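J.: Handing you a structure now.
The values are calculated or read from the model by the stated rules, or taken from the named source; none is laboratory data. Please read all numbers here as calculations on a predicted model, not as lab measurements. For neighbour counting, all protein chains shown are included, and Cβ atoms are generated from backbone atoms with ideal geometry for every residue, glycine included. These area figures cover heavy atoms from the full protein model, side chains too; ligands, DNA and RNA do not enter into them. Shrake-Rupley method; radii C 1.70, N 1.55, O 1.52, S 1.80 Å.
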Amino acid sequence: DVLFSAVIIDLNGQPHALATLVDITESKRALEALRQSETKYRLISENIADVIWTLDAESRRFTYVSPSVEKQRGFTVAEAMAQSMSEVLTPESNARISASVEARIWEFLRTQIDQYCKDGSIINTEITTSFVINEPGKLAVLGISRDISERRRVELAFRESELRFRGFYEQDLIGVAFTSPEKGWLDANPATCRLLGYSREQLFQQTWADLTHPEDLNLDVGYFNQVM
């Protein structure tokens, strides 16, 4: 591809054309690649469930927020970009990153923060950030916010369930123990130790055969192999 341009000049009373030819093949390829890259980025940012955003590190104002913010937090792009960090984050989360970006750079790269939704509810988000230099040459933050509210609820429910089980396990009157063919004893609750008359350390030095009556050993081994 060639860019042709010409001007008419007067030489000794005679009009002449001064033409220039510039090969713009490589420039057109670069421009087309840039357009394709921008299209791909726009398609990703507009359709991904996570919110992609950029933040001016000095002013801490958003310079870009992807449309997915409306689904995640209920705000339009314009509303989200107009918000300050204190309006986006809960006081506790805002306090954790209120110091200068430089002073907390490693914490800010990946952390969990709580954000306000338009209806007043709060969602738990995990943000992953990187630092970039924007076109004016200023430090900017490129971030992705992921809603992890459901994951947090599941984790909390699991921890509560684990605590309840541990309470029953430790205080139960019924002996409960965990063993494996390779490692032997894995765990045993206090009731098991009381029923067998051993301390935990003494119990773990015994094999299953040591604790089983000889007449029941074959039966127990057969049952054990069946369930395993």
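J.: For segment 181-197, what are the residues that are open to solvent by 50 Å² or more (accessible area, probe 1.4 Å), modelled with pLDDT of 80 or more and assigned to a loop (DSSP other than H, G, I, E, B)?
T.: Gly197
J.: Moving to a separate point now. Which pairs have Cβ atoms under 9 Å, sit 6 or more apart or on different chains, and link a residue in segment 67-81 that is among the charged types (D, E, K, R) to one that is assigned to a loop (DSSP other than H, G, I, E, B) and buried (at least 16 other Cβ atoms within 10 Å of the Cβ)?
T.: That search, which allows pairs on different chains as well, returns nothing.
Residues checked against (1) surrounded by 12 or more Cβ atoms within 10 Å (Cβ to Cβ); (2) part of a helix (DSSP H, G or I); (3) of a type in the set (Val, Ile, Thr):
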| residue | (1), (2), (3) |
| --- | --- |
| Gly137 | no, no, no |
| Ala140 | yes, no, no |
| Ile144 | yes, no, yes |
| Arg153 | no, yes, no |
| Leu156 | no, yes, no |
| Arg166 | no, yes, no |
| Thr179 | yes, no, yes |
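J.: Pull up segment 38-71, narrow it to residues that are touching a Lys or Arg at 6+ places or on another chain (Cβ under 8 Å) and at pLDDT 80 or above, then point me to the one that is farthest from Thr125 (Cα to Cα).
T.: Going through segment 38-71, the residues touching a Lys or Arg at 6+ places or on another chain (Cβ under 8 Å) turn out to be 49-51, 55-58.
Now drop any that are not at pLDDT 80 or above, which leaves 49-51, 55-56.
On the way: Ala49: 12, Asp50: 10, Val51: 10, Leu55: 17, Asp56: 20 Å.
Checking each candidate, the answer is Asp56.
J.: What tally of residues in segment 105-125 results from selecting those that are open to solvent by less than 60 Å² (accessible area, probe 1.4 Å), under 10 Å from the mean Cα position of the chain (by Cα) and at pLDDT below 90?
T.: Counting residues in segment 105-125 that are open to solvent by less than 60 Å² (accessible area, probe 1.4 Å), under 10 Å from the mean Cα position of the chain (by Cα) and at pLDDT below 90 gives 1.
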